[in-house]
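What follows is a set of notes on a single structure, which appears directly below.
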Amino acid sequence: MGVVKIKKDFHEARWCEPIIYEMSTPGQRGILVPMPDDEVKEAAGDVLSAIPANLRRKELNLPEMDQKHVLQHYIRLTQETLGANLTNDISEGTCTMKYNPRVNEDLAANPNFAEVHPLQDEETVQGILEIHYKFEQIIKEISGLDRVTFQPGGGNHAVYTAASVVRAYWESKGELDKRDEVITTIFSHPCDAATPATAGFKIITLYPDKDGFPDIEALKAAVSERTAAIFMTNPEDIGLYNPRVDEFVKIVHSVGGLCFYDQANANAFLGVARAKEAGFDMCHFNVHKTFGTPHGSSGPANGAFCCKEEFAKFLPVPTVGFDGKKYFLDFNHPESFGKVRDFWGTAGVILRAYAWTMMLGAEGLRECADISVINNNYFEKKLLTIPGLSECFAGNGHRRQEQVRYSWEKLKEDTGVGTVEVANRAVDYGIPHYWFSHHPWEIPEPMTLEPCETYSKDDLDEYYEVLKQVSKEAYETPEIVINAPHKAAAHKRNDEAALDDPEKWATTWKAYVRKHGNK
Amino acid sequence: MKKKLGLIVNPVAGMGGRVGLKGSDGEEIQRKARELGAKPESPQRAVDALERLVVSKDEIEIITYPGDMGETEARQCGFEPIVIGSAEPGRTTARDTINAAREMAEQKVDLILFAGGDGTARNLYDALGNSEIPVIGIPAGVKIHSAVYATNSRNAGEVALMFLQGKIKRVQDSEVMDIDEDAFREGRVTARLYGYLKVPHEQRLVQNLKSGRTEGEEAALNSIADEVIESMEDDVIYVIGPGTTTRAVMNKLGLENTLLGVDVILNKKVIASDVTESQLLDLIKGKKAKIVVTIIGGQGYIFGRGNQQISPRVLREVGKENIIVIAPQNKLTALGQNPLLIDTGDYEVNGMISGYYRVVTGYQKTVMRKAE
Ligand SMILES: Cc1ncc(COP(=O)(O)O)c(C=O)c1O
């Protein structure tokens, strides 16, 4: 074990890279595409006429650059981030930033896998269908439920799938107009409210009781013959496992409502507790979080939605089946609610997750959960000795699971330095900017940290030393913390309000030019 | 040695509220309030608070002003107070409150327990300035913006007792705020910070300062209004309480509203504006009625602050199931773990309408919150 040192001399690269559009030089090219030979033209015919008129572009608004400078630009950008592979990413609480084994990247990059296409004939993609099917069997075992779809492209998406199944279920019974309420809890992930709302349900949110668990009396007051379902996370995003989760299920079932379990925080209980035994009808996993694959940033991630047999007929199509000899795509679900996405799931994520799971085996999965909870409890005890730091619902007598929502309220009171400033200052020691909390900020000056199983004791200790140092600075020289970061690629936002003002922020260059003009 | 407790009751505090006046400061308003049939509220509330102290009667010496400024209430609870100063019965003024507080400070009381509203708190501040004498307020006024009040009369007594017994040791500088009463009656809120008084620190029992609205809330108010309006039933009377959240509902319906008063609508038309308790009772008699109220800032009150027209009698008539509580999410967040609060002055009605509410926070969005 090495000596834990905090990186006092850390300094991030600062390239001050312009936006790639601003680097464009008219006429510059990366590749000069040759004109087709006459023979080719003749054989292909008028290919352009096959493209619908509204998809044809006369002008391509793309930056004009040579290859070297494109490569250089993107490498520089990667040097200006503090991702999970580069640093101690305990920071991203609620996101389960565990190590994604490199060997699985090799599998995913293997041309035999990388070059298959979902529109290929079933016969020619038996291998990936087999992995898909087998991974479904594993997920069934882990959840205890009967059917799984991997079509959703992430956690929110899987929860939206649940909302769509709940909708299809009540529609099939002809009761959708009566069953129009979905109950959730304030410390569940916000998608547990947002996606049923998108599916047309009214949302009732429960607040916690004095111990921080969803108030069971409030649940009793909320359920009625209008209850379509409950959507709840457990352990919630503050790291507390609701010990009465089965009672919640019973109360909702007693009025005829359905129960969906958001298991994105499954790293706390993999192989320990199952949705089935708690009585749930449906659940989901964030495959990219819990099963060791890249997160994919709102794109190529994966959410596994699981349900009891009774609800399988509503699943999106296609599902992957096996007739004893070969694997096939099953579109034959007349009551399916449709699709949430093209095809049948992010193959690259499923392949990596399957490999990850097979490498660990059943005991290994449970060990992951155990180590994350032990890591977190070691870390928690240590962190709570830092002046100015506390945790939410402190002293309620319940052990934290895989993450903790802390509070810098005391530090703020004592020194004027709040959680935003602490996070900025931690970056100066090479620690990624940490996650505060989902909105609303029910816990003042929040900080949510999740030290998954892949972090070593040294990692935990380093993180602790950094926060201790920042706290010390806050008491002694608060201006250093308040003006941080000093050593990061980017400093503070020039205009704090800009993020909230739709007239100012832009997610594309086109929108930027429209809102701010081309400087 | 006995602990010395100063007791000051502003006997006219709270008179304006029940008859639809937005405060009770100034003789003209008090006369008007009496004409409208108002009865003083604060003596009873002071008694409710003092009852909590009876258990330690032998350890506490009450120093107070004559008549209904404290002497009467103290005797009613079985105390033998030391009466100082002089005041004209039935015609006490702000000057008397100031004098009383000054003299108590000179006598080095351990704590001043006082009953009133924001005006009274200001008077105490005028007298005590930045002195070290701690105070705790019994909320009895129409306006309670200051953070020097307990959440209700009984809790005020509780805090006083715990402090005198040494169970609460910390005191906290707490804001004395008041609004311009003339502007208030015209529907404008201009709260001002006048200074700080020392208050025993017991989070749950002392009111948080009203938290101001943050920006970006227009959208939230709009969607709350959509929800309320969509669920409105024909031929049901809607009693719209004061506040900017309820105003959003009226605005969306294109109706005139009284920012700090109670309006009544039926089939989306105003049938009475800025009503008093008795007008309200007449309007709802034998009809199906619903009440729409919001939380007052960071305190969590849904009844008993600034909406006293919606009195215990009105609430009895309407019933808990017909109360619609609306509030933007950030107001609920500001409350933290604290419940919504009810302090109608009638403990039976408080009990009757306490329990869980589905607070409307947006279109098709509610949260379960408990009111006590
Ligand atoms: C409890 C919970 N549910 C749902 C999600 C949403 O998942 P995703 O970000 O993949 O959409 C998350 C994200 O981490 C989560 O923590």
Could you list, ordered by first residue, the pairs with Cβ atoms under 9 Å in which the first is in region A:112-131 and free of Cβ contacts under 8 Å to residues at least 40 places away in the same chain and the second is part of a helix (DSSP H, G or I) and exposed (fewer than 13 other Cβ atoms within 10 Å of the Cβ), at least 6 apart or interchain? A:Gly127/A:Asn112
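So if I check each of A:Thr419, A:Thr477, A:Thr448, A:Thr415, which one is among the hydroxyl-bearing types (Ser, Thr, Tyr), more than 14 Å from chain B (Cβ to nearest Cβ) and open to solvent by 40 Å² or more (accessible area, probe 1.4 Å)? Steps first, please.
Numbers: A:Thr419 fails: open to solvent by 40 Å² or more (accessible area, probe 1.4 Å); A:Thr448 fails: open to solvent by 40 Å² or more (accessible area, probe 1.4 Å); A:Thr415 fails: open to solvent by 40 Å² or more (accessible area, probe 1.4 Å).
Just a single option satisfies the conditions, and that option is A:Thr477.
Determine if region B:304-314 includes at least one residue that is open to solvent by 20 Å² or more (accessible area, probe 1.4 Å) and closer than 17 Å to B:Tyr238 by Cα. Spell out how you get there, then give the answer.
Our first condition is that a residue be open to solvent by 20 Å² or more (accessible area, probe 1.4 Å); within region B:304-314, this holds for B:306, B:313.
Next, from what is left, pick out any that are closer than 17 Å to B:Tyr238 by Cα: B:313.
Checked region B:304-314: at least one residue is open to solvent by 20 Å² or more (accessible area, probe 1.4 Å) and closer than 17 Å to B:Tyr238 by Cα.
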Among helices (runs of 4 or more DSSP H) lying entirely in region A:406-519, which contain 2 or more residues that are touching a residue at least 40 places away in the same chain (Cβ under 8 Å) and of a type outside the set (Val, Ile, Thr)? A:409-415, A:419-427, A:457-476, A:509-516
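So is A:Tyr74 among the aromatic types (Phe, Trp, Tyr), surrounded by fewer than 19 Cβ atoms within 10 Å (Cβ to Cβ) and assigned to a loop (DSSP other than H, G, I, E, B) or not? So that I can check it myself, show each step before the final result.
Values: among the aromatic types (Phe, Trp, Tyr): yes; surrounded by fewer than 19 Cβ atoms within 10 Å (Cβ to Cβ): yes; assigned to a loop (DSSP other than H, G, I, E, B): no.
Here the answer is no, as A:Tyr74 does not meet what is asked.
Identify all residues within region A:219-232 that are among the hydrophobic types (A, V, I, L, M, F, W, C), surrounded by fewer than 23 Cβ atoms within 10 Å (Cβ to Cβ) and facing another protein chain (nearest Cβ under 9 Å); write none if there are none.
Going residue by residue through region A:219-232, those that are among the hydrophobic types (A, V, I, L, M, F, W, C) are A:219, A:221-223, A:228-232.
Narrowing the set further to residues that are surrounded by fewer than 23 Cβ atoms within 10 Å (Cβ to Cβ) leaves A:221, A:223.
Hit for region A:219-232 is A:Ala221, nothing else.
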Residues of region B:1-45 classified as open to solvent by less than 10 Å² (accessible area, probe 1.4 Å), under 15 Å from B:Asp96 (Cβ atoms) and in a helix (DSSP H, G or I), total: 1
Name the residue that is nearest to the other protein chains (Cβ to nearest Cβ), counting only residues in region A:193-205 that are under 16 Å from A:Asp262 (Cα atoms) and open to solvent by 40 Å² or more (accessible area, probe 1.4 Å). A:Ala197
Starting from region A:35-47, keep only residues that are open to solvent by less than 80 Å² (accessible area, probe 1.4 Å), then list their pairs with residues that are in a helix (DSSP H, G or I) whose Cβ atoms are within a distance under 8 Å, requiring at least 6 positions of separation or different chains. A:Pro36/A:Ala44
Matching option when the condition is more than 20 Å from A:Pro444 (Cβ to Cβ), surrounded by fewer than 19 Cβ atoms within 10 Å (Cβ to Cβ) and within 14 Å of chain A (Cβ to nearest Cβ), among B:Glu321, B:Glu348, B:Glu317: B:Glu321
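Please work out if B:Glu71 is surrounded by 18 or more Cβ atoms within 10 Å (Cβ to Cβ), in contact (Cβ under 8 Å) with a residue 12 or more places away in the chain and under 16 Å from B:Gly345 (Cβ atoms). Please lay out each step first, then the result.
On the way: surrounded by 18 or more Cβ atoms within 10 Å (Cβ to Cβ): yes; in contact (Cβ under 8 Å) with a residue 12 or more places away in the chain: yes; under 16 Å from B:Gly345 (Cβ atoms): no.
It is false that B:Glu71 is surrounded by 18 or more Cβ atoms within 10 Å (Cβ to Cβ), in contact (Cβ under 8 Å) with a residue 12 or more places away in the chain and under 16 Å from B:Gly345 (Cβ atoms).
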Would you pick out the residues in region A:362-380 that are more than 23 Å from the chain's Cα centre (by Cα) and either open to solvent by 80 Å² or more (accessible area, probe 1.4 Å) or closer than 16 Å to A:Asn100 by Cα (or both)? A:Glu363
Filtering helices (runs of 4 or more DSSP H) wholly in region B:103-190 for at least 3 residues that are surrounded by 22 or more Cβ atoms within 10 Å (Cβ to Cβ) and modelled with pLDDT of 90 or more gives B:118-128, B:153-164
May I ask you to verify whether A:Ala304 is within 16 Å of the ligand (Cβ to nearest atom) and touching a His at 6+ places or on another chain (Cβ under 7 Å)? yes
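If only one of A:Ser172, A:Ser224, A:Ser188 is within 16 Å of the ligand (Cβ to nearest atom) and in contact (Cβ under 8 Å) with a residue 40 or more places away in the chain, which one is it?
Values: A:Ser172 fails: within 16 Å of the ligand (Cβ to nearest atom); A:Ser224 fails: within 16 Å of the ligand (Cβ to nearest atom).
Every option except A:Ser188 fails the conditions.
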In the set A:Pro190, A:Pro235, A:Pro208, the lone residue that is within 11 Å of chain B (Cβ to nearest Cβ) and at negative phi is A:Pro208
Residues (under 16 Å from A:Thr227 (Cα atoms), small (Gly, Ala, Ser) and out of contact with any strand residue (DSSP E or B) (no Cβ under 6 Å at 6 or more places or on another chain)) located in region A:178-199: A:Ala199
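Take the conditions among the charged types (D, E, K, R) and at pLDDT below 90 and apply them to B:Asp343. Does it pass? Reasoning before the result, please.
On the way: among the charged types (D, E, K, R): yes; at pLDDT below 90: yes.
When the stated conditions are applied, B:Asp343 passes them.
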Across region B:329-343, which residue is farthest from B:Ser153 (Cα to Cα) among those that are more than 10 Å from every other protein chain (Cβ to nearest Cβ) and open to solvent by less than 10 Å² (accessible area, probe 1.4 Å)? B:Leu340
May I ask you to list the residues in region B:303-333 that are within 12 Å of B:Thr245 (Cβ to Cβ) and touching a Lys or Arg at 6+ places or on another chain (Cβ under 7 Å)? B:Ile324, B:Leu332
Consider A:Lys381 against the criteria (1) away from chain B (no Cβ under 14 Å); (2) not in a helix (DSSP H, G or I): it satisfies all of them except one. Which criterion is unmet? (2)
Got a number for residues in region A:169-187 being in contact with an Asp or Glu (Cβ under 8 Å, 6 or more places away or on another chain), within 12 Å of chain B (Cβ to nearest Cβ) and open to solvent by 10 Å² or more (accessible area, probe 1.4 Å)? 1
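The values are calculated or read from the model by the stated rules, or taken from the named source; none is laboratory data. Predicted model, so just to flag it, every value in this text is computed and none were measured. Every residue, glycine as well, gets a Cβ built from its backbone with ideal geometry; the counts of neighbours run over all protein chains shown. We work out accessible area using only protein heavy atoms, side chains counted, and drop any ligands, DNA or RNA first. Shrake-Rupley method; radii C 1.70, N 1.55, O 1.52, S 1.80 Å.
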